[in-house]
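The values are calculated or read from the model by the stated rules, or taken from the named source; none is laboratory data. All values reported here derive from a predicted model rather than from experimental measurement. As a convention, Cβ positions derive from the backbone with ideal geometry for all residues, glycine included, and neighbour counts pool all protein chains shown. Note: accessible area is taken over every heavy atom of the protein model, side chains too, but ligands, DNA and RNA are not part of it. Shrake-Rupley method; radii C 1.70, N 1.55, O 1.52, S 1.80 Å.
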Amino acid sequence: MSALVVLDGSTFFVSDERGDTEGEGSSGFFFRDTRHLSRLQLLINDEPIQVLTSKAVYYYAGRVFGTIHTGRNVNPRISVQRDRLVADGIHEDIVITNNHDTQHEIEVALHFGTDFADAFELDPPSNRLPRKVHADVRNGEVVLGYENRGFRRATRILFSTKPTDLAADLATFSLVLEPRQEWVLCFDVFCQAGDQEYGPRVGHGGFGQLEPQMPETLDEWLDSAPRVDTDVENIGRSYRQSLLDLAALRFRPVPEIKASLPAAGLPWFMALFGRDSLITAYQALPFHSELAAGTLATLADLQATASDDFRDADPGKIPHELRFGELTALGEFPHSPYYGSHDATPLFLILLDEYERWTADTELVGRLEPAARAALAWIEGAGDPDGDGYLEYQTRSPKGLVSQGWKDSWDAIAFADGRLAEPPIATCELQGYAYDARRRTARLAREVWGDTTLADQLERDALDLRQRFNRDFWLADRGYFALALDGDKQPVDSLSSNIGHLLWSGIVDHEHARATAEALMGPAMWSGWGIRTMGSTCAAYNPIGYHTGTVWPHDTAICAEGLRAYGFHRESKTVVLALLKSAAAFDYRLPEVFAGFSREATAIPVEYPTPCRPQAWAAGAPLLGLRTLLCLDPDGEELHCETVSLEGGGRLGVRGIHYRGRRIDVV
């Protein structure tokens, strides 16, 4: 059965197409990393409704039309409509209509319950904590509560009509519907976290009128975005879906922070992820620069100020992940926040510079100067623990990530013969990011902060890093860069998409650029739909392995932009257009990841078993792809672009690009 998904940033409800959930997998209603409803089931005369249509009409609002089961060739007489709104809590309207000219007696039963499961317990669901839920039933409402060592959560359910019977897990309503009569039940679900209660706002005005508390409403968000002028369906529809998904994923990680930034992805990662937000904000800059402003300001506020082994923190480090569930609150998990990503800190500096190039917002860049300098200090210090000039990682936490680049699964960093690399590990793209971060921060130091001494030093350091990197990571006998250096400084010789990030960063010497492009576009890496995370010639290759052979849209888009940056325009266009064509197989909502099977073998893109959809940087991939196709490059007060020819002579232009305080048309 297909799912009905309604979300408002980190608050979301995943149900079946009837609107029901029984808490299987990641289904249910979640608020701040805790499942506040694991069961919600509507029964009419002891039967679930028969669905006619079920759809998320807005990202925060879903609508279900159904009826009561009847025999074959018997016209249904009762229709059922469920309208669900999600924004901090739930508001739902159930409308039951007697469409016949005779009276009907009906019993409506609404079953509900909660396990208050932590989001970390759902993937995999093998270690679910036993929890004793307390119920309080009075004055026509139900409160389901849980407390453990100061961690308190509660779910409060209110009904617009007094139930015939009300218990801790069931509300029943006995009806007599007259001919053509309509009966309406409204119920609201409020979430309590500690001493605070959150819930749907009163007086929202009906279905489709409840807007999440964001700086822009959905209509404003869409209206303020540039207009893509194209007759190529894959491009136009992918662009609009990207805007919708990024709007849906906007959230504020804590109420005190007013700026919004994107949550990483539904259902597993509806939280702040530093790396994901930074890359997504970079992708979206020509279209919605406020995501970058919110991301930069929020991550600067959460930047580490002290060392903490349990959380893999050191001064100046940008956080990886922030959670609010029970396991984090009680110190079982280090995500308060956790700092185990080695790329978020240089990416912070990269985004800071790119943001200023597109917006001319020197006020924010000036305000974040201390955070930027602290990030630089981390790159020069704790980020390079052995002082060899390369960023390398090794977790110090018993609950830390083994891999701390963007490919953060345990088996992601493997030699070509399948052996896993031993830490500390210096992946190649980390060095590219560190190089780019130094160059970009040198520009900010010179042009915004007025510190030419720092700028000169950073430029010298960047040049030195580039020279050493091209010597130490280049595999002359393979014709591509090593994936990493392991703990013994041995090159990890797998062919990987990480080398595309090197082109994006600009660290690749031109003498190695063509070979790098050829490796990316060769049969081992190029699936026909996108660039595989690992080459098919490697022993660890698996076309449905999370980071060992699948295609990640954001990764492919970064590789395409890297190809374009080095002048490989034909290759970059091929990659972007193929990726956008693959979006059609996913209803134009690109998933987090899909299988790496070759296009020749399958003829269609193949799904990955458990991807996030929507997912932030997958939603951002078409936006970066548009930038690549149009060759958009900020250069002072000028925005450079180039005309592009599409297959079949298709038309492509973007009107109203946000650039340094004005709107620019690229046609």
May I ask you to list the residues in the range 645-655 that are surrounded by fewer than 18 Cβ atoms within 10 Å (Cβ to Cβ) and not acidic (Asp, Glu)?
Ser645, Leu646, Gly648, Gly649, Gly650, Arg651, Gly653, Arg655
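Within the range 404-425, identify whether any single residue is touching a His at 6+ places or on another chain (Cβ under 7 Å) and either surrounded by fewer than 22 Cβ atoms within 10 Å (Cβ to Cβ) or part of a helix (DSSP H, G or I) (or both), and answer yes or no.
Looking for residues that are touching a His at 6+ places or on another chain (Cβ under 7 Å) and either surrounded by fewer than 22 Cβ atoms within 10 Å (Cβ to Cβ) or part of a helix (DSSP H, G or I) (or both), one finds at least one in the range 404-425, hence yes.
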Scan the range 3-29 residue by residue and report those that are open to solvent by 10 Å² or more (accessible area, probe 1.4 Å), touching a Ser or Thr at 6+ places or on another chain (Cβ under 7 Å) and closer than 22 Å to Leu144 by Cα.
Val14, Gly23, Ser27
Is there any pair with a first residue in the range 540-556 that is at positive phi and in contact (Cβ under 8 Å) with a residue 12 or more places away in the chain and a second that is open to solvent by less than 10 Å² (accessible area, probe 1.4 Å) and assigned to a loop (DSSP other than H, G, I, E, B) whose Cβ atoms are under 7 Å apart and which are 6 or more apart or on different chains, and what are they?
Gly549/Thr533; Gly549/Gly596
Of all residues making up the range 30-77, the number that are part of a strand (DSSP E or B) and either in contact with a Ser or Thr (Cβ under 6 Å, 6 or more places away or on another chain) or more than 30 Å from Leu330 (Cα to Cα) (or both)
26
How about the range 522-611: which helices (runs of 4 or more DSSP H) wholly inside it have at least 2 residues that are open to solvent by less than 10 Å² (accessible area, probe 1.4 Å)?
553-565, 569-583
If you go through the range 68-118 one residue at a time, how many are more than 27 Å from Pro200 (Cβ to Cβ) and either among the hydroxyl-bearing types (Ser, Thr, Tyr) or touching a Pro at 6+ places or on another chain (Cβ under 8 Å) (or both)?
8
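State the number of residues belonging to the range 305-316 that are open to solvent by less than 10 Å² (accessible area, probe 1.4 Å) and in a loop (DSSP other than H, G, I, E, B).
2
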Does any residue in the range 451-470 that is among the small types (Gly, Ala, Ser) come within less than 6 Å, Cβ to Cβ, of a residue that is at pLDDT 95 or above and open to solvent by less than 40 Å² (accessible area, probe 1.4 Å) six or more places away or on a different chain, and which pairs are these?
Ala455/Ala442; Ala455/Ala445; Ala462/Tyr435; Ala462/Arg438
Basic (Lys, Arg) and open to solvent by less than 10 Å² (accessible area, probe 1.4 Å): is that true of Arg35 in this structure?
yes
When the range 632-667 is examined, which residues are found to be over 24 Å from Asp223 (Cβ atoms), in a strand (DSSP E or B) and either among the acidic types (Asp, Glu) or modelled with pLDDT under 95 (or both)?
Asp633, Asp635, Glu638
Arg514 - would you say it is free of Cβ contacts under 8 Å to residues at least 60 places away in the same chain, part of a loop (DSSP other than H, G, I, E, B) and among the charged types (D, E, K, R)?
no
Within the range 318-347, which residues are assigned to a helix (DSSP H, G or I) and farther than 18 Å from Thr427 by Cα?
Glu326, Leu327, Thr328, Ala329
So which pairs qualify, if the first residue must be in the range 295-314 and touching a residue at least 12 places away in the same chain (Cβ under 8 Å) and on the phi > 0 side of the Ramachandran plot, the second must be open to solvent by 20 Å² or more (accessible area, probe 1.4 Å) and polar (S, T, N, Q), the Cβ gap must be under 9 Å, and the two must be at least 6 apart or on different chains?
Asp312/Thr395
List the strands (runs of 3 or more DSSP E) that sit entirely inside the range 120-199 and contain at least 1 residues that are in contact (Cβ under 8 Å) with a residue 60 or more places away in the chain and within 36 Å of the chain's Cα centre (by Cα).
141-148, 151-159, 170-177, 182-193, 196-198
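Name the single residue, out of those in the range 223-255 being outside any helix (DSSP H, G or I) and open to solvent by 40 Å² or more (accessible area, probe 1.4 Å), that is farthest from Ser582 (Cα to Cα).
Pro255
Looking only at the range 485-511, how many residues end up being part of a helix (DSSP H, G or I) and among the small types (Gly, Ala, Ser)?
Counting residues in the range 485-511 that are part of a helix (DSSP H, G or I) and among the small types (Gly, Ala, Ser) gives 2.
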Of the conditions (1) in a strand (DSSP E or B); (2) open to solvent by 20 Å² or more (accessible area, probe 1.4 Å); (3) of a type in the set (Phe, Trp, Tyr), Phe112 clears all except one; give me its number.
(2)
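Could you run through the range 329-338 and say how many residues are buried (at least 22 other Cβ atoms within 10 Å of the Cβ) and either within 18 Å of Ala263 (Cα to Cα) or among the acidic types (Asp, Glu) (or both)?
Residues flagged as buried (at least 22 other Cβ atoms within 10 Å of the Cβ) and either within 18 Å of Ala263 (Cα to Cα) or among the acidic types (Asp, Glu) (or both) within the range 329-338 amount to 3.
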